[in-house]
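Please treat every number below as a calculation from the coordinates, not as lab data. Owing to the predicted nature of the structure, the values given are computational and were not obtained by experimental measurement. Cβ atoms come from the backbone with ideal geometry, glycine included; neighbour counts cover every protein chain shown.
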Amino acid sequence: MLLCLLYMTIKKGKKLQPSVKFPVILLSIFVLGFAAGQYIVLANIFSKTSKQKTETRQYIGEEITLPAPNLFGSTSVEEAMQNRRSRRAYVENEALTIEQVSQILWSLQGQTADWGGRTVPSAKNAYPLNVTLVAKNVTDLAPGVYHYIPENNSLKKVVEDVPANFDEAAIQAQNKSAPVSFIISGDYSLMAKAFDGESRDENVVLEAGHAGQNAYLQAESLGLGTVVSGGFNQDLMKEILKIPSQEDLFYLIPVGIPAVETGASH
Ligand SMILES: Cc1cc2nc3c(=O)[nH]c(=O)nc-3n(C[C@H](O)[C@H](O)[C@H](O)COP(=O)(O)O)c2cc1C
């Protein structure tokens, strides 16, 4: 209708008074501009939401309940902080026990309060982090890739056996030689949701840092060696560990029985 009015105004413009003609043209331009703006905004929102398809992990077999965490380790927090070091050499072919693995998983994301609170803090209780365990050599746990479930202190298997190209994706020597590795990933959209749609990606990365420090202190307390590492092939790792597309990978954390260090530190 507006276009029709605009057409008539322009076509019969010569016969119309300027006091009628110009307001009609101006109003038409304003309304059409507003409509175009609305269209662009809505199209943008729609294309963003349709791109953010949430993938879910597909699990294999039964959920595995882990041993309860030991809350009475013999190392004080101060001792663990004093002695904490990045340790990159592990005794070859030495397995970790399921208790040791469980304790590290708990330190990374274990649930410690009925309302959902965890060992690591989270902005607005968003809890956007996930822990994936790659078990190469663990007593009482079949080799494979597992997803840690904080609320049940349990594991769900996502890949049967260790993927053949895990070492290729792990890149660094200590990441390849460790009997277990923990991969910390996070979903930025969960944090944005907690902030009414405003992106707060940095909070997710900060939380990964908290998890990494917990792993260091827990490993130190257990007499194990670890190092947080950002140097690995994140795209390949994500693909072979079947981590959902909406998650970004932050840390790969190998853990093993410490051996005498021979290489240079990074
Ligand atoms: C964000 C981040 C990424 C790191 N990435 C690696 C890595 O890819 N490989 C590695 O060997 N060490 C890595 N490190 C460990 C540092 O090299 C180590 O913390 C530093 O040399 C200090 O030694 P320390 O941890 O024994 O005090 C990383 C540390 C941080 C905080």
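Give me a comma-separated list of calculated 3J(HN,Hα) values for the stretch 149-165, in order, Karplus coefficients 6.51, -1.76, 1.60 applied at θ = phi - 60°, integers in Hz, x for any Gly or Pro.
Values, residue by residue: 10, x, 5, 10, 6, 9, 10, 10, 6, 10, 9, 6, 6, 7, x, 4, 9 Hz.
Taking amide H atoms as placed 1.01 Å from N in the peptide plane, list the residues 5 or more away in sequence, or in a different chain, whose amide H sits under 5 Å from that of VAL91.
Distant-sequence amide H within range of VAL91: ILE257, ALA259.
With labels modelled as points extended 7 Å from the Cα through the Cβ direction, what inter-label distance (nm, one decimal) is found for ASP114 paired with GLU79?
3.4 nm
Among PHE166, PHE195, PHE72, which comes first, second and so on when ranked by fewest other beta-carbon atoms within 10 Å?
Ranking PHE166, PHE195, PHE72 by Cβ neighbours within 10 Å, fewest first, gives PHE72, PHE195, PHE166.
Within the stretch 135-166, what residues put their amide N at less than 19 Å from the label point 7 Å along the Cα-to-Cβ vector of THR65?
Counting backbone N atoms under 19 Å from the label point, the list is 140-142, 147-157.
Please give the charge dipole size of the stretch 90-171, origin at the Cα centre, charges +1 on K and R Cβ atoms and -1 on D and E Cβ atoms. Round to the nearest 20 debye.
Dipole about the Cα centre, nearest 20: 440 debye.
Answer with one residue from SER74, ASN233, ASN175: the one whose Cα lies farthest towards the positive end of the charge dipole of the stretch 60-256, charges on Cβ with Lys, Arg +1 and Asp, Glu -1.
So the residue we want is SER74.
Cα-based Rg (one decimal) and Dmax (whole number) for the stretch 60-256, in Å?
15.8, 49
So what's the net charge close to ASN130: Lys and Arg +1, Asp and Glu -1, counting the other residues with Cβ under 15 Å from its Cβ?
Around ASN130, the surrounding residues sum to 0.
Take ASP140, ASP248 and order them by how many other Cβ atoms sit within 10 Å, fewest up front.
Least to most surrounded, the residues fall as ASP140, ASP248.
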